[in-house]
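Read-outs: derived from the displayed coordinates by stated rules, not from any lab. Everything quoted here is computed from the prediction, not taken from an experiment. Quick reminder, even Gly has a Cβ in these numbers, built from the backbone with ideal geometry, and neighbours come from all protein chains shown.
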Amino acid sequence: MASHRLSDVIKNKPFVQLYLAETISLLGDAITWVGIALLSYQFGQERSAAILATALTLRVTAFILFSPLAGVLADKLDRKKILYVTHFARMAIVACLPFVTAEWQIYTLIFLLNVFNAFFNPAYKSAIPQLISDKQNYAAAISLSNGTWQLLGVLGPGLAGILAAWLGVRQIFFIDAATFIIAAVLIVLLPRKAIAPQARVKPGEKAATTWQGIRNGTKLLIHNPAVRFALGIELVAAIAGAHILVNTIGYIEGGLHLGSKEYGWVMASFGIGATIAAFSVGMVDKSRNKVLSLMAGALLLMLAIAGANYVTLMPMLMLWLLAGLGQSFCEMPSQILIAENIPLEQQGKVYGAHFAWSHLWWAIAYPIAGFTGIHFTGYTFLVGAVLAVLVFISLVLLSLPYLQKWVSAKAFR
């Protein structure tokens, strides 16, 4: 059944065209961040970590601040126009990166780049259900998109590193800019009405203000019990996942006394697990099963990191593979549940609100992971797992009335 639905999805020419555009721009994103890391190193080895950390913080800040507004505009304006304008804007910004001569220029360009990324994301996510006419195929289309994102997260940096070695650090940003141009052209060539705005004001009805639209996005996000539970699980995943992203390098080099090569293997294992799960989530068809996958993913992720401080390299490769599986099972169902439960004309603002809240979770989780990495050396991952378990238990207790209904009937639809 899942393979049949995937075949239906790839027969949808407008969706495939949008999917190819996003795949190409995702490759550009991989080049961007490898290039930023290498460019940071050029400004001085001792400053590279601080520069990169500041750039990542600005990235998350842009998402939190602008995604809710972007979601509202995705419902009001032409989504196709939003998609190609944000691509051309990002192309122009990336093309400036080879010429930076000061740290503040990197910070300014990265913030602007991710402001446009914040406007792109809700428009893109809400365009997928709009292009897929059969609601039963939403999961297959979204899992294909997100699975490709995870796959390029594993393969993209390696390709970007090869390009940097071949062309030079600053020159790869021109390749990066070219990917955004190609993706923008593919979007421009989409049928005119393929992703036209869905929101309409009925006669005699007063149009909602932008601020009301932003509030309604969050209200719709938390009104549906399944979507609300999924958002809570993402906080659990952020706490555990931040410990993986922040503290793995310290354990590999400081605890196991290994090098960057082994660190690359471990993080690749995490990415492979996330990719496998992302492609397989499309097989989970029913909301009931999606809620089960959220809980199973959270448990798998917490168990995988709990004992990581007490294993050698080979077991850690397996644990991080399982952690990657759990991470995707925690994060993927949210997008599918929104597509299945929220009306098309409201999805832009809900995806915008979701994008902001999910990144707020990471903005909270990163400092926690940094604190535990400094003050709980030797059992950092165990502490991270305990914190995640506490949040998970609290979430289950708060959601108990809905979970009890779900056990007896398919309350989550």
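Data overview
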| quantity | calculated |
| --- | --- |
| Cα gyration tensor category, rounded, prolate or oblate, for the stretch 116-166 with a/c compared to 1.5 | oblate |
| Over 19 Å (Cα to Cα) - which of Lys193/Lys219; Lys11/Lys135; Lys76/Lys125; Lys80/Lys349; Lys125/Lys405 fall in this group | Lys193/Lys219; Lys125/Lys405 |
| Residue-by-residue Karplus 3J(HN,Hα) for the stretch 63-71, coefficients 6.51, -1.76, 1.60, Hz, glycine and proline x | 5, 5, 6, 9, 4, x, 5, 4, x |
| Karplus 3J(HN,Hα) series, Hz, for the stretch 248-260 with 6.51 cos²θ - 1.76 cosθ + 1.60 (x for Gly, Pro) | 5, 4, x, 6, 4, 8, x, x, 9, 6, 10, x, 5 |
| Computed log₁₀ I(q)/I(0) - Debye formula, equal Cα scatterers, no solvent, the stretch 218-408, q 0.08, 0.15, 0.19 Å⁻¹ | -0.26, -0.86, -1.26 |
| Peptide ranges 391-399, 302-310, 101-109, 219-227 listed from the most packed, as the mean C-beta count within 10 angstrom indicates | 302-310, 219-227, 391-399, 101-109 |
| Rough spin-label spacing in nm, given labels placed 7 Å along Cα→Cβ, for Lys261 and Leu159 | 2.5 |
| Cα shape, the stretch 84-139, gyration tensor, a/c 1.5 rule | prolate |
| Cα→Cβ-extended label distance, 7 Å offset, between Tyr41 and Gln212, nm | 5.4 |
| Leu77 paired with Ser7, simple spin-label distance in nm, labels 7 Å along Cα-to-beta-carbon | 4.1 |
| Test item: Cα-centred dipole of the stretch 249-377, Lys/Arg +1 and Asp/Glu -1 on Cβ, debye | 140 |
| Nearest-0.05 FRET efficiency for Glu253 and Thr101, computed from C-beta distance (R0 25 Å) | 0.20 |
| Electrostatic dipole magnitude of the chain [Cβ: Lys, Arg +1; Asp, Glu -1; Cα centre; debye, to 20] | 1460 |
| Ranked list, fewest to most other Cβ atoms within 10 Å of each Cβ, for Trp362, Trp149 | Trp149, Trp362 |
| Extension gain (nm, one decimal) between Asp134 and Leu390, 0.36 nm per residue minus Cα-Cα | 88.2 nm |
| Shape call, the chain: gyration tensor on alpha carbons, a/c limit 1.5 | oblate |
| Pairwise centroid distance, computed over Cα atoms, of the stretch 376-406 with the stretch 73-115, Å | 37 |
